[in-house]
Amino acid sequence: MIVNYMSDNIDNQKHLDDNPNSNPMDISSILTEAPEAEMPKDIKPMKPTLVDAPFDDADWLFENKWDGYRAIATINNFNAKLISRNDVSFTKYYPIIDILKIWPCNAVIDGEIVVMREDGKTDFGALQNWKSEKDSLLEYCVFDILWYEGKNLMNLPLKQRQVILQEVLSKNNSDRIRQSIAIPISGKQLFENAEKHGYEGIVAKKANSVYSPDQRSKEWLKIKVQRRQEVVIGGFTKNKDTSKPFSALLLGVYESGKLRFVGKVGTGFSVALQMEMMESFASYISGVNPFDIETAGHISPLTKKTTGETFIWLIPELICEVNFAEVTKDGLFRQASFKGMRIDKKALDVELEIPKNTAKTINQVNKTITSPIIETDTEQTGLLPRGNDTAVVNFQGNDLQFTHLNKVYWPQEAVTKRDMLNYYMVAAEYMLPHLQNRPMSLNRFPDGITGPHFYQKDVTGKVPDWAKTFAHDTAKGEHHNYLVGGDITSLLWMAGQGCIEINPWLSRVGSPEHPDHCVIDLDPDDSNTFDQVIEAALMVKQIADTLQIPSFAKTSGSTGIHIYIPIGTGYSYEQSQLFAKLIVNKVNQELPGFTTLERKTASRNNKMYLDFFQNRPEATIAGVYSLRPKPGATVSMPLHWDEVKPGLKMRDFTIFNAIDRLKETGDLFKGILEPGIDLEETMKKGKNIFDSH
């Protein structure tokens, strides 16, 4: 989901053509402002302008720059296409197309096809070499919607297009198609994060910008961590004594219709990759030097060869991308490194990108300078700067007012409500897929972990008008309207109400009686050690492995470990609970000395409770990446199974280090969003295992 961070200034952020009575989250009202039009054909993406430095401005949105292939998606009557910048059909990326084909809507969407690694970084090399789902996992990171159900959206403000896009994605949930999140953070802060974690850079977009196809707009800006440039391959060299297929590529960019040589690149590829590249070079070999020999009075270095060096020329149609340190006074790239081939652009369009001055560019775009709601303090690292006890931030077109920001929620650690909100702002990217369309139970701690708390399930009359709710008659015959999770606005509203922990259902609003996870909660007694919890968790893992089914572990953030098994949505809570009971019964048989299935605390005899009863309608469990109202400000953190070993501690994962870990590992619980196991078949397969005692 995209997070909109904008000024509340009425002069600069007018909603729905100055209609004060319009609800910006009312999709139908927004669509009313868009003209009717046929689905556009041959749309070329809007392009950002390269600038030389990050900046802070509350009238702009900031998001990570993805390292993939830009693609326009058209979905029309259960047919879908992915088209590149130069009209190449990305049919090879069929997993994304197959998902789009089943969307029950008609739309044109802009985004980036990527391979997302487990650490949260995109892998362009893996994308370039992708052949099938066996290679790596494809994702489509979408950031704009241009046309929807007969309406041309391109002249609507970006913030309104994002509201529509979020609505479309929420109705067509898929963890392979995600909305690129524009976090409400200063551009400088996000850029520092990109530098720290090795991302390509960031993109800044004016919150009220329109979509201009095939234009390089100054209302969209890109800031790169490293100098990076698309270049045309005009040939390659081979040194006399080398055993490699080639020694270096000869690179060029077009200027005034002529190909200017900009240097060589001899690093960044393996021998195996060079061999593949040589196969593609074969049909482009030419006897003609494609480079302009004299440019701007400089004689090309290609007129000189080192001893033993051979030049092989190519027809200048192939494109690759390189990193480089700087451009020398002679116009050559210094310390160039190969990053990958490009198939999504025409060679004649490859020109040298020279970064523009950021301040001048911003001044050209920002015709009126206004004060944001939250003035950025560059000395502060929080998204909500320290100081005022209240703040108002606009998310997805709606104002959220935060109060009591200075209140200490974790006294021993001096962690405030502001710190908690800042955590959830950043963690939202990883949490939201797991909250999508799930009813939420609110556990409110208005005075922090040392004060009283109370549960609130029915939010009738309590939530803002824009909030999504789910009407449900409980097992006790009560009628409740539950808040529905899935977007950052609802997440932060909950946190603003003092919900330290986030508690989603195991099922979604579309299938409330059918959980899509089976959960085992290892709940130790005070007399149990955490190493015993680990031993029990590994026993569950051993049983799951024997059954040949996936299992995912996370710390509870309190005292135990939660283990999830994805089961899809075709089974009842009774079936899920029975399956969990069979597993924990087996664990109890193997570890009778310190585990029990006794639900009543007084009857457990100081043993660890193997809780299978969590698998019941309306029950909740601390969500993935949720903070817990416990000393230490701990987090319910997903684990690699090889981390589940003696020595692991609950306080290894807290509000202080969780975000850095997430940036390194990515979402380790992403697998529970995949299609679930065949539960009936698994139970048949496990009959001998479960009946062995």
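For D447, are the conditions met, namely being of a type in the set (D, E), open to solvent by 10 Å² or more (accessible area, probe 1.4 Å), farther than 18 Å from N422 by Cα and more than 26 Å from the chain's Cα centre (by Cα)?
It is false that D447 is of a type in the set (D, E), open to solvent by 10 Å² or more (accessible area, probe 1.4 Å), farther than 18 Å from N422 by Cα and more than 26 Å from the chain's Cα centre (by Cα).
Please verify whether the stretch 129-137 includes one or more residues that are of a type in the set (D, E), closer than 17 Å to I96 by Cα and at pLDDT 85 or above.
no
Tell me which residues, restricted to the stretch 108-127, are over 24 Å from I75 (Cα atoms), of a type outside the set (F, W, Y) and either in a loop (DSSP other than H, G, I, E, B) or in contact (Cβ under 8 Å) with a residue 40 or more places away in the chain (or both).
Across the stretch 108-127, the qualifying residues are R117, E118, D119, G120, K121, T122, D123, G125.
Of everything in the stretch 62-107 that's more than 20 Å from the chain's Cα centre (by Cα) and assigned to a helix (DSSP H, G or I), which residue is nearest to L31 (Cα to Cα)?
Step by step, filter the stretch 62-107, then rank; the result is K101.
Taking the criterion of being touching a helix residue (DSSP H, G or I) at 6+ places or on another chain (Cβ under 8 Å), among the hydroxyl-bearing types (S, T, Y) and open to solvent by less than 40 Å² (accessible area, probe 1.4 Å), would at least one residue in the stretch 145-158 satisfy it?
yes
Looking only at the stretch 148-161, which residues are assigned to a strand (DSSP E or B), within 19 Å of K171 (Cα to Cα) and out of contact with any Leu (no Cβ under 6 Å at 6 or more places or on another chain)?
Y148
Could we say that D57 is at pLDDT 85 or above, of a type in the set (D, E) and open to solvent by 30 Å² or more (accessible area, probe 1.4 Å) here?
Yes: the conditions hold for D57.
Has the stretch 116-132 got at least one residue that is in contact with a helix residue (DSSP H, G or I) (Cβ under 7 Å, 6 or more places away or on another chain), farther than 13 Å from A71 by Cβ and surrounded by 21 or more Cβ atoms within 10 Å (Cβ to Cβ)?
no
Check S136 against each of (1) surrounded by fewer than 19 Cβ atoms within 10 Å (Cβ to Cβ); (2) touching a residue at least 40 places away in the same chain (Cβ under 8 Å); (3) more than 24 Å from I223 (Cβ to Cβ); (4) within 20 Å of the chain's Cα centre (by Cα) and name the one condition it does not meet.
Going through the list (1) surrounded by fewer than 19 Cβ atoms within 10 Å (Cβ to Cβ); (2) touching a residue at least 40 places away in the same chain (Cβ under 8 Å); (3) more than 24 Å from I223 (Cβ to Cβ); (4) within 20 Å of the chain's Cα centre (by Cα), S136 breaks only (2).
Looking only at the stretch 395-424, filter to residues that are of a type in the set (A, V, I, L, M, F, W, C) and open to solvent by 20 Å² or more (accessible area, probe 1.4 Å); which one of those is modelled with the lowest pLDDT?
Checked the stretch 395-424; the qualifying residue modelled with the lowest pLDDT is A414.
Pairs please, first residue from the stretch 59-71 and touching a residue at least 40 places away in the same chain (Cβ under 8 Å), second anywhere and among the acidic types (D, E) and surrounded by fewer than 24 Cβ atoms within 10 Å (Cβ to Cβ), Cβ atoms under 6 Å, 6+ apart in sequence or on different chains.
So the pair list comes out as K65/E200; W66/E112; D67/E200; G68/E112; Y69/D344; R70/E112.
Return only the number of the condition from (1) out of contact with any Ser or Thr (no Cβ under 7 Å at 6 or more places or on another chain); (2) part of a strand (DSSP E or B); (3) modelled with pLDDT of 90 or more that Q166 does not satisfy.
The failed condition is (2).
Which residues, counting only those in the stretch 475-519, are closer than 22 Å to G676 by Cβ, crowded, with 21+ Cβ neighbours inside 10 Å and of a type in the set (D, E)?
D516
Would you check if there is a residue in the stretch 194-201 being more than 24 Å from E353 (Cα to Cα) and modelled with pLDDT of 90 or more?
No, the conditions are met nowhere in the stretch 194-201.
Inside the stretch 28-45, can you point out the residues that are among the aliphatic types (A, V, I, L, M) and surrounded by fewer than 22 Cβ atoms within 10 Å (Cβ to Cβ)?
Correct list: L31, A34, A37, M39, I43.
How many of the residues in the stretch 256-273 are touching an Asp or Glu at 6+ places or on another chain (Cβ under 7 Å) and either open to solvent by less than 60 Å² (accessible area, probe 1.4 Å) or among the aromatic types (F, W, Y) (or both)?
So the count comes out to 2.
Scan the stretch 642-657 residue by residue and report those that are at pLDDT 90 or above, part of a loop (DSSP other than H, G, I, E, B) and over 24 Å from the mean Cα position of the chain (by Cα).
Correct list: V644, K645, P646, L648, K649.
Only one residue in I565, I549, I561 is in contact (Cβ under 8 Å) with a residue 24 or more places away in the chain and over 27 Å from L442 (Cα atoms), so which one is that?
Of I565, I549, I561, the one residue that is in contact (Cβ under 8 Å) with a residue 24 or more places away in the chain and over 27 Å from L442 (Cα atoms) is I549.
G235: open to solvent by less than 10 Å² (accessible area, probe 1.4 Å) and closer than 30 Å to M46 by Cβ, yes or no?
Answer is no for this residue.
Could you run through the stretch 284-297 and say how many residues are open to solvent by 70 Å² or more (accessible area, probe 1.4 Å), of a type in the set (G, A, S) and farther than 14 Å from G235 by Cβ?
The qualifying residues number 1.
Here is a yes/no grid of residues against (1) open to solvent by 50 Å² or more (accessible area, probe 1.4 Å); (2) more than 26 Å from the chain's Cα centre (by Cα):
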| residue | (1), (2) |
| --- | --- |
| V587 | no, yes |
| F612 | no, yes |
| E618 | no, yes |
| P631 | yes, yes |
| H640 | yes, no |
| D667 | no, no |
| T682 | no, yes |
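Is it the case that S174 is hydroxyl-bearing (S, T, Y), over 16 Å from the mean Cα position of the chain (by Cα) and at pLDDT below 85?
It is false that S174 is hydroxyl-bearing (S, T, Y), over 16 Å from the mean Cα position of the chain (by Cα) and at pLDDT below 85.
The values are calculated or read from the model by the stated rules, or taken from the named source; none is laboratory data. Every value quoted in this text rests on a predicted model; they were computed, and no experiment measured them. Every residue, glycine among them, receives a Cβ derived from its backbone with ideal geometry; neighbour counts consider all protein chains shown. Surface areas here come from the heavy atoms of the whole protein model, side chains and all, with no ligands, DNA or RNA. Shrake-Rupley method; radii C 1.70, N 1.55, O 1.52, S 1.80 Å.
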